[in-house]
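S.K.: A single structure is presented below for examination.
The values are calculated or read from the model by the stated rules, or taken from the named source; none is laboratory data. Here the structure is a predicted model, which means the values were calculated and not measured. Heads up, the Cβs are rebuilt from the backbone with ideal geometry, glycines too, and the neighbour counts pull from every protein chain shown. Note: areas computed on protein heavy atoms with side chains; ligands, DNA, RNA excluded. Shrake-Rupley method; radii C 1.70, N 1.55, O 1.52, S 1.80 Å.
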Amino acid sequence: MVSSGKLYNSTGRYNSASSTYFVTSQVLSPEFSPINGETGVSVESNLQIYFGEAVYQANGSALTTTYVANNVVELHKGDENGELVDFAVTLGSDRRTITLNPYENLEGNTTYTVVIVSGSLVNGDDVQNTKVVSTFTTELSADTEIEFTPKANETGVSTSTDISVKFASKIYRYGGGAVTQTYAEENILVASGS
């Protein structure tokens, strides 16, 4: 709403009172992290769903982690008909944020689909949600993309040969941070024998 006489134009003429209203078409439309279509997502990622307004169970009751896990969100490997992935749920105190923490790391270079089940949530006006689907693809998993020199079971290797470990993608320390020379030396074991 714009009150009368609060603005004027270059000729000195003041405005008349004016107002408008509108209704959004995206009721209960969440934002996802990772975002829909994102690639290169860490296999250790938690997933977050954020609504622009407080959400409740379909009957209007407060959300619980059990209700969300059993009735609201599905996480599938592949498309929405794929294998279900188990996860723990954390709810934000704002009643707008749902965090999914898969019980095991996600598989590398794999597409996952998050489904918000239709009619499982309502907002403060008792408007039910529609089905929403979001997909993302994980990064190449470092543990499946490791190249050793010398190669496994190679014979006739000189005792003066440098041993190397090469990863197909950038790697990070457990818990985050760069891999330093010291960290690598302490966590990559070279042993003799079989």
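S.K.: Give me the percent of accessible area attributable to carbon and sulfur for region 36-194, probe 1.4 angstrom.
M.R.: Numbers: 4590 of 10150 Å².
The C+S portion of the solvent-accessible surface of region 36-194 is 45 percent.
S.K.: If you don't mind, there's one more thing I want to ask. For the pair THR111/ASN46, report the inter-label distance in nm, with labels modelled 7 Å from Cα in the Cβ direction.
M.R.: About 2.8 nm separates the two model spin labels.
S.K.: Multiply the residue separation of PHE167 and ASP125 by 0.36 nm, subtract the distance between their alpha-carbon atoms, and state the gained length in nm to one decimal. Intermediate results must be reported in sequence, preceding the final value.
M.R.: Numbers: separation 42, 0.36 × 42 = 15.12 nm, distance 5.19 nm.
Stretched out fully, the PHE167 to ASP125 stretch lengthens by 9.9 nm.
S.K.: Packing-wise, with mean Cβ within 10 Å as the measure, how do 179-186, 73-80, 159-166 rank, highest first? Walk me through the numbers on the way to the answer.
M.R.: Details: 179-186: 10.5, 73-80: 15.6, 159-166: 8.2.
Going by the mean number of other Cβ atoms within 10 Å, highest first, we get 73-80, 179-186, 159-166.
S.K.: Then there is this: Run the simple label-point estimate for ASP79 and ARG13 please: 7 Å along Cα→C-beta, distance reported in nm.
M.R.: 5.9 nm
S.K.: Evaluate the distance, in nm, between pseudo-label points positioned 7 Å from the Cα of LEU189 and of GLU38 along their respective Cα→Cβ axes.
M.R.: Between LEU189 and GLU38, the simple spin-label model gives 3.5 nm.
S.K.: Another question about this same structure. Just order 149-158, 33-42 by mean Cβ neighbour count inside 10 Å, highest at the front, would you? Write out the running numbers ahead of the final one.
M.R.: On the way: 149-158: 8.3, 33-42: 14.1.
The densest-packed peptide leads the list: 33-42, 149-158.
S.K.: How much accessible area per residue does region 31-113 have, in Å², with a 1.4 Å probe? Each step should come with its number before you reach the end.
M.R.: Numbers: 4540 Å² over 83 residues.
For region 31-113, the per-residue accessible area is 55 Å².
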